[in-house]
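First comes the structure, then the notes that go with it.
The values are calculated or read from the model by the stated rules, or taken from the named source; none is laboratory data. Model, not experiment: these values are computed from the prediction. For neighbour counting, all protein chains shown are included, and Cβ atoms are generated from backbone atoms with ideal geometry for every residue, glycine included.
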Amino acid sequence: MTPAQKGFQLIELLVVLAVLGSFLTVSVPPLLRSTDDLRLHMAAGEVAGVLRASRSFALRYGANVAVKFNTGKNGVVTFALYRDGNGNGVLSREITSGKDPLVMPPQSLKFLGRDVVFGFPPGPPPLDPGTGKPMDRLDDPIRFNDSDLASFGHLGTSTPGSVYLRNGSGHLMAVRVFDRTGKVSVLTYDAKARRWRS
């Protein structure tokens, strides 16, 4: 191989590296955003699964139960299931006092924490999926009437409400529970169009 041929190979290598560098600069940010969105969808699906399983538990055992989510100081999110112990529904103060006993110990949610959290993205408030009006109380992403407890009755009914999740890219999803049926649905917020879609 002559010295001129070796130099030509080095130039080819530099051109290939420049093209590869340009390609990575253009393609990596969208790939990272799609990974963030995938994690958000998986987290919303996991929360919906917990709520559906809790409704099934209430139906199967003929008990009034409630799911309580908790975010630890380390960012790990857990949920626990409590049963109504005195016939007046599951209440936070009665969980604390022990009147409403724990029926399923706290378990971690795999897809929540770090990049995906309960909350709302910065910027203009999203529209409420029920009323279509701008939301208030953006510091409260778990909303079941005036409580953070998602309650399910022994006949399959539930407390209506929503759990809001966001990711690092500023995207928002809601897991909604409907009262009479206990149906759980997952919605994604389109901030540009200012509307929710299923």
Qualifying positions in segment 186-197 - at pLDDT below 95 and touching a Ser or Thr at 6+ places or on another chain (Cβ under 6 Å): Arg197
Inspect segment 90-105 for any residue being in contact with an Asp or Glu (Cβ under 7 Å, 6 or more places away or on another chain) and among the aliphatic types (A, V, I, L, M) and give the result as yes or no. yes
By residue number, the members of segment 166-184 that are touching a residue at least 60 places away in the same chain (Cβ under 8 Å), under 25 Å from Val67 (Cβ atoms) and surrounded by fewer than 19 Cβ atoms within 10 Å (Cβ to Cβ) are none
What are the pairs, 6+ residues apart or on separate chains, where a residue within segment 101-112 that is without any contact (Cβ under 8 Å) to a residue 24 or more places away in the chain has its Cβ under 7 Å from a residue that is outside any strand (DSSP E or B) and surrounded by 14 or more Cβ atoms within 10 Å (Cβ to Cβ)? Pro101/Gly85
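Quick check: anything in segment 151-159 among the small types (Gly, Ala, Ser), crowded, with 20+ Cβ neighbours inside 10 Å and in contact with a strand residue (DSSP E or B) (Cβ under 8 Å, 6 or more places away or on another chain)?
So far as segment 151-159 goes, yes, one or more of its residues are among the small types (Gly, Ala, Ser), crowded, with 20+ Cβ neighbours inside 10 Å and in contact with a strand residue (DSSP E or B) (Cβ under 8 Å, 6 or more places away or on another chain).
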Take Ala191 and decide whether it is touching a residue at least 60 places away in the same chain (Cβ under 8 Å) and either surrounded by fewer than 19 Cβ atoms within 10 Å (Cβ to Cβ) or over 30 Å from Asn86 (Cα atoms) (or both). yes
When Ser56 is run through (1) small (Gly, Ala, Ser); (2) touching a Leu at 6+ places or on another chain (Cβ under 9 Å); (3) at pLDDT 90 or above, the failure sits at (2)
Could you list, in sequence order, all residues of segment 65-87 that are in a loop (DSSP other than H, G, I, E, B), under 19 Å from Phe144 (Cβ atoms) and modelled with pLDDT under 90? none
Does Leu14 qualify as being assigned to a helix (DSSP H, G or I), over 18 Å from the mean Cα position of the chain (by Cα) and either of a type outside the set (Phe, Trp, Tyr) or at pLDDT below 90 (or both)? yes
When Pro141 is evaluated against the numbered criteria (1) closer than 19 Å to Gly75 by Cα; (2) touching a residue at least 40 places away in the same chain (Cβ under 8 Å); (3) surrounded by 14 or more Cβ atoms within 10 Å (Cβ to Cβ), which criterion, by number, is the only one it fails? (2)
